[in-house]
Amino acid sequence: MMTRWRSCVISPGPWPEPRVAYRPVADGRRGRAAAGLAALAGIELDGAQRMVLEAACDWRGGRWSASTVGIVVPRRNLKSLCVRIRELSGLLLFGERLAIHSAHEWRTVSEQFRETLELIESSPLKRYVRKGGVRYTGGEECITFVNGARLRFMNRSKESARSFGADFIALDEAHAVTLEQAQALIPVLSDHPNSQVWWLAHGPTPGAWQLAALRNRALSADPGRLCWLEWSADPAVDDLEDEEVWRRVNPAEAAGRLTVERMREERATLGAAGFAAERLAAAPWPSELAGAWQVFSEQDWAAMTGGGRPTA
C-alpha cells in the first residue's frame, strides 16, 4: 500500500518509515516540545519515536491538526512510551486537564500506570506531582499534578467514563475496542474542542472492526483530521521470512532495542502465523463487508431485499 504524507517534516535518522501513513498539514512544534519533556525525564527518543510525536502532535489554527491518531506497530517497539510522553506533555505543557488511559485488560492498565509512575518518580518530573496526588486503589489509579491536571487509568467497558469530560483518551489494545466501548468513551471528548484520541494496536485481529474502520478512513480520499502511522508487512507483496522485512516493520531494531536474533527465536516459538500477527502486524484485517453476513447469510439477505448486497 502507498504511504501518503502531506507536508511531512521528519527528524533525520536511519529508521524504517511506516508502510501506511497519513497526516494532515501542520507544523511539528508541539511534537518537539513533547520530545523536550521526554529529555527532561532522562529519555532520549529515537527517530521513529520522535516522528510519531511530531506527526501526532501537529497543531494548526489553534487546535490539533489530527483529532484522531492511529498507531499500528508490532509489540515492544514504541507505542507505550510515545503515548506516555503524549499524556504527560498534554497535562504539563499543553494545558489539558484530564487524560484517560484505557485498555481492554486491567493488567495492561495496571502496568501502564506503574511504568508511568516510575518514569515520573525517577526524574525531575516528580516535582510536578501534587503531594498525596497518587491514587493506587485498584480501578481508581490516578496521578494528580500540582496544576490540578489528572491522568486516570481505567479498564474499558460499555459504561466506561460515561460521566467524564476529558481532553485526551488513549485506547490501548485498540484491536479489542468494541462498538459499545467506543460509544461509551469517544463522546467523553465532545465538549472539549481541542481534544484528541489515540488508537494504539500491535496489528489487526479478526474482531478489530472499529480499528479497521479507522484504517479504511486513512486509506480513503478524504481522511479528515486523522493521523495514521502503520508499520506492517504486506503478505501479498512481502516475503514474511525475509529478515529485511522484519527490520523494516520493527523500528526498535534500528534503535538497538530489538535484535534479529531475538526475532528468530520468536519465529521458531510462535510459528509462521503467530509471528506474522505479533511481530509483523501482518494478520488479515477484518472486512466490513464480510462482517455483514455474520447476522444474515448472503442468500437470506437477497431473499429479504430482492437482491443487492449491503453497503459498508
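The values are calculated or read from the model by the stated rules, or taken from the named source; none is laboratory data. The shown structure was predicted, so the numbers you read here are calculated from the model rather than taken from an experiment. Reconstructed Cβ throughout: ideal geometry from the backbone, glycine too, with neighbour counts over all protein chains shown.
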### Candidate set from region 171-182 (those that are outside any loop (DSSP other than H, G, I, E, B) and of a type outside the set (Asp, Glu)); member that is farthest from residue 62 (Cα to Cα)
176
### Task
Output the residues belonging to region 1-25 that are out of contact with any helix residue (DSSP H, G or I) (no Cβ under 6 Å at 6 or more places or on another chain), at pLDDT 90 or above and not in a strand (DSSP E or B).
17, 18, 19
### Summary
Taking region 26-55 and the residues there that are farther than 18 Å from residue 128 by Cα and part of a loop (DSSP other than H, G, I, E, B), the one that is modelled with the lowest pLDDT would be 26
### Message
Return the residues of region 34-67 that are closer than 21 Å to residue 196 by Cα and over 17 Å from the mean Cα position of the chain (by Cα); say none if nothing qualifies.
### Response
35, 36, 37, 38, 59, 60, 61, 62, 63
### Task
Quick one: count up the residues across region 267-288 that are modelled with pLDDT of 95 or more and of a type outside the set (Gly, Ala, Ser).
7
### Task
Take the residues in region 57-91 that are in a helix (DSSP H, G or I) and of a type in the set (Ser, Thr, Tyr), then tell me which one is nearest to residue 114 (Cα to Cα).
80
### Query
Looking at region 146-161, is at least one residue of a type in the set (Val, Ile, Thr) and within 22 Å of residue 53 (Cα to Cα)?
no
### Task
Tell me which residues, restricted to region 59-85, are of a type outside the set (Val, Ile, Thr) and in contact with a helix residue (DSSP H, G or I) (Cβ under 7 Å, 6 or more places away or on another chain).
59, 66, 70, 74, 75, 76, 77, 78, 80, 81, 82, 84
### Task
Look through 148, 133, 138 and report the one residue that is surrounded by fewer than 18 Cβ atoms within 10 Å (Cβ to Cβ) and either assigned to a strand (DSSP E or B) or charged (D, E, K, R) (or both).
133
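Residue-by-condition table, conditions (1) among the charged types (D, E, K, R); (2) surrounded by fewer than 16 Cβ atoms within 10 Å (Cβ to Cβ); (3) within 13 Å of the chain's Cα centre (by Cα):
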position: 167; (1), (2), (3): yes, no, no
position: 190; (1), (2), (3): no, yes, no
position: 194; (1), (2), (3): no, no, no
position: 211; (1), (2), (3): no, no, yes
#### Entry: Residue that is surrounded by the most Cβ atoms within 10 Å (Cβ to Cβ) [pool: residues in region 86-96 that are in contact with a helix residue (DSSP H, G or I) (Cβ under 7 Å, 6 or more places away or on another chain) and more than 17 Å from residue 201 (Cα to Cα)]
88
### Query
Could you give every pair whose Cβ atoms fall below 9 Å, whose first residue belongs to region 164-192 and is free of Cβ contacts under 8 Å to residues at least 40 places away in the same chain, and whose second residue is part of a helix (DSSP H, G or I) and among the aromatic types (Phe, Trp, Tyr), counting only separations of at least 6 or pairs across chains?
178/209; 179/209
### Summary
Checked against (1) buried (at least 18 other Cβ atoms within 10 Å of the Cβ); (2) modelled with pLDDT of 95 or more, residue 223 satisfies every condition except (2)
### Query
Counting only residues that are surrounded by 14 or more Cβ atoms within 10 Å (Cβ to Cβ) and either among the basic types (Lys, Arg) or in a helix (DSSP H, G or I) (or both), how many does region 97-130 have?
15
### Message
Considering only residues that are among the hydrophobic types (A, V, I, L, M, F, W, C) and over 15 Å from the mean Cα position of the chain (by Cα), which ones fall in region 174-184?
### Response
179, 184
### Summary
Wholly inside region 183-261, helices (runs of 4 or more DSSP H) that include 3 or more residues that are within 22 Å of residue 60 (Cα to Cα) are 209-218
